[in-house]
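The values are calculated or read from the model by the stated rules, or taken from the named source; none is laboratory data. What you see is a predicted model; the values in this text were computed from it and never measured. Ideal geometry is used to build each Cβ from the backbone, glycine not excepted, and the neighbour counts take in all protein chains shown.
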Amino acid sequence: MSHAEQTDNFAPLSPGFDAHGLIGYRDGVLTIDGISAAAIAEAYGTPAYVFSQRAAERAYDKLTTALDAAMSDGPAHRVCYAVKANTNRALLTALATQGAGADVVSIGEAKLSIAAGFKPADIVFSGVGKHPDEITEALRLGIGQLNAESVSELDVIGSCAEAVGVTAKVALRVNPDVDAQTHAKISTGKMGDKFGIPMDQIVDAYRYLCGHDHLTAAGLAVHIGSQITAPEPFEQAFAKIAELVGKLRDRDLPIDHLDLGGGLGIRYRNETPIDPAAWANAIAAIAKPLNCSVTVEPGRYIVGPSGVLLATVLYVKHAGDRRIIILDASMTELIRPSLYDAWHEIIPVIEPGDSAEYEAVDIVGPVCESGDTFAQQREMPHLRPGDQVAFLTAGAYSNVMASNYNARVKPPEIIIHDGKHHEVRPREDFAALLAGQTLPDWLK
């Protein structure tokens, strides 16, 4: 029995917010896999990112278990974690140890993945704008698969492969013109989006790929967006991929692998995420009849629920009839609310009692932007300066999108595992803001 499950007075948060049973209140204090959030805040200060290793591992296990069941007696399949969701080195190493591959969108992410323990052959290099230097370095590193997003990119990959003296394994990313039913800024599979090759260009592009002296066809790839909570977009995209496979085979063009991307949504507010088994069955429904091996590339689903952002109330003020809570965290630590109008549950570290009074408040950060607002007229228990709060479901697209705007230093990243904690990345200091900057001679 784990540290977090040793006592009976641990009450996990509601499903979707509980990080697979690891986040909840114990003795009136928010606890993350056996560690008090108040203790973490005291040890490392706020704002601070806190990630549960076991929560990420449990999410990965749920996906692999579902795929194993759906694809039993079928072709090979693998899960490649989408590194862009969270690049914390400890999480990367934990997932590599679990057997995951990695999906990257830059040579920087590829190098981070290799440093964390992923084998180059288990890395898929996606991305709509790969620089030729990145492609060349990826080939020298032995990256297992490159996903080409345009016909012109095929030429560049071929030239780079010839220069390096290797044959590049390349899949074509298809734009299936499917509405992912998600936020416009994270929809990637509709006609006119910058991602992928239109379906009417795929056959000619694949024929060119198969005939290239320095390229080997690795099949077709598709990824229609992120935070998808309805099954229909996946089913529509997969059906179009199956249609293309038929067209390629009708022309005697070999294809035996499909990269079906990621996009599985999670609960931020009141969403009902897709059951992993249903998602896996949709994959098996096309992959098994076609006898195609499969790669999938979830990110948010694996790490999103695993993380929280801890913050402290600095001030409380009134503006007309509005009560405004000013935190020490800002859009520089969690930009999703400002960028996507995204909702994050915000809860007090100290559990409110049954008689706690609630009030509608605005919750904002200290950055000099009106957009630095986390919530408006959110019902919250009465908060005072010094109180600590936690942003839930903050394990994806939080630390990786942090910035130094307003010359703010980036927070520490803390990993927790079964009652133990470790500072993977310390809080930046002022020297970090000056690092790498030099003055020209005429200003010295």
Open item on the list: Within region 355-439, considering only strands (runs of 3 or more DSSP E) that don't extend past its boundaries, which have at least 1 residues that are in contact (Cβ under 8 Å) with a residue 12 or more places away in the chain and loosely packed, with under 12 Cβ neighbours inside 10 Å?
Closed with: 358-364, 373-381, 420-425
Task: In region 402-438, residue farthest from residue 331 (Cα to Cα) [restricted to those that are acidic (Asp, Glu) and modelled with pLDDT of 95 or more] - done: 423
- [ ] Could you check how many residues of region 27-45 are within 27 Å of residue 354 (Cβ to Cβ) and either crowded, with 18+ Cβ neighbours inside 10 Å or aromatic (Phe, Trp, Tyr) (or both)?
- [x] 9
Open item on the list: What's the number of the only condition in (1) out of contact with any Ser or Thr (no Cβ under 8 Å at 6 or more places or on another chain); (2) small (Gly, Ala, Ser); (3) closer than 24 Å to residue 428 by Cα that residue 402 fails to meet?
Closed with: (1)
- [ ] Report those helices (runs of 4 or more DSSP H) wholly inside region 98-164 carrying at least 3 residues which are over 19 Å from the mean Cα position of the chain (by Cα) and outside the structural domain of residue 208 (by TED's automatic domain parsing).
- [x] none
Task: Subset of region 196-236 [under 17 Å from residue 298 (Cα atoms) and in a loop (DSSP other than H, G, I, E, B)] - done: 222, 223, 224, 226, 227, 229, 230
- [ ] Might you let me know whether region 38-57 holds any residue that is more than 18 Å from residue 309 (Cβ to Cβ), without any contact (Cβ under 8 Å) to a residue 40 or more places away in the chain and more than 22 Å from the chain's Cα centre (by Cα)?
- [x] no
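Each row is one residue, and each column tells you yes or no for (1) under 16 Å from residue 205 (Cα atoms); (2) surrounded by fewer than 20 Cβ atoms within 10 Å (Cβ to Cβ); (3) of a type in the set (Ser, Thr, Tyr); (4) modelled with pLDDT under 95.
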position: 116; (1), (2), (3), (4): no, no, no, no
position: 142; (1), (2), (3), (4): no, yes, no, no
position: 157; (1), (2), (3), (4): yes, no, no, no
position: 180; (1), (2), (3), (4): no, no, no, yes
position: 190; (1), (2), (3), (4): no, yes, no, yes
TODO: Answer yes if at least one residue in region 287-307 is in contact (Cβ under 8 Å) with a residue 24 or more places away in the chain, farther than 29 Å from residue 90 by Cα and part of a loop (DSSP other than H, G, I, E, B), and no otherwise.
DONE: yes
Open item on the list: Looking at 205, 217, can you tell me which residue is assigned by TED's automatic domain parsing to the domain that holds residue 104, in contact with a Cys (Cβ under 7 Å, 6 or more places away or on another chain) and at pLDDT 95 or above?
Closed with: 217
TODO: Find the residue count for region 331-354, including only residues that are surrounded by 14 or more Cβ atoms within 10 Å (Cβ to Cβ), part of a loop (DSSP other than H, G, I, E, B) and under 20 Å from the mean Cα position of the chain (by Cα).
DONE: 9
Open item on the list: Take the conditions among the small types (Gly, Ala, Ser), surrounded by fewer than 16 Cβ atoms within 10 Å (Cβ to Cβ) and at pLDDT below 85 and apply them to residue 225. Does it pass?
Closed with: no
Open item on the list: I'd like the full set of residues that are crowded, with 21+ Cβ neighbours inside 10 Å and in contact with an Asp or Glu (Cβ under 6 Å, 6 or more places away or on another chain), limited to region 268-308.
Closed with: 292, 295, 297
Task: Residue satisfying condition, being in the same structural domain as residue 326 (by TED's automatic domain parsing), at pLDDT 95 or above and over 12 Å from residue 311 (Cβ atoms), within set 362, 354 - done: 362
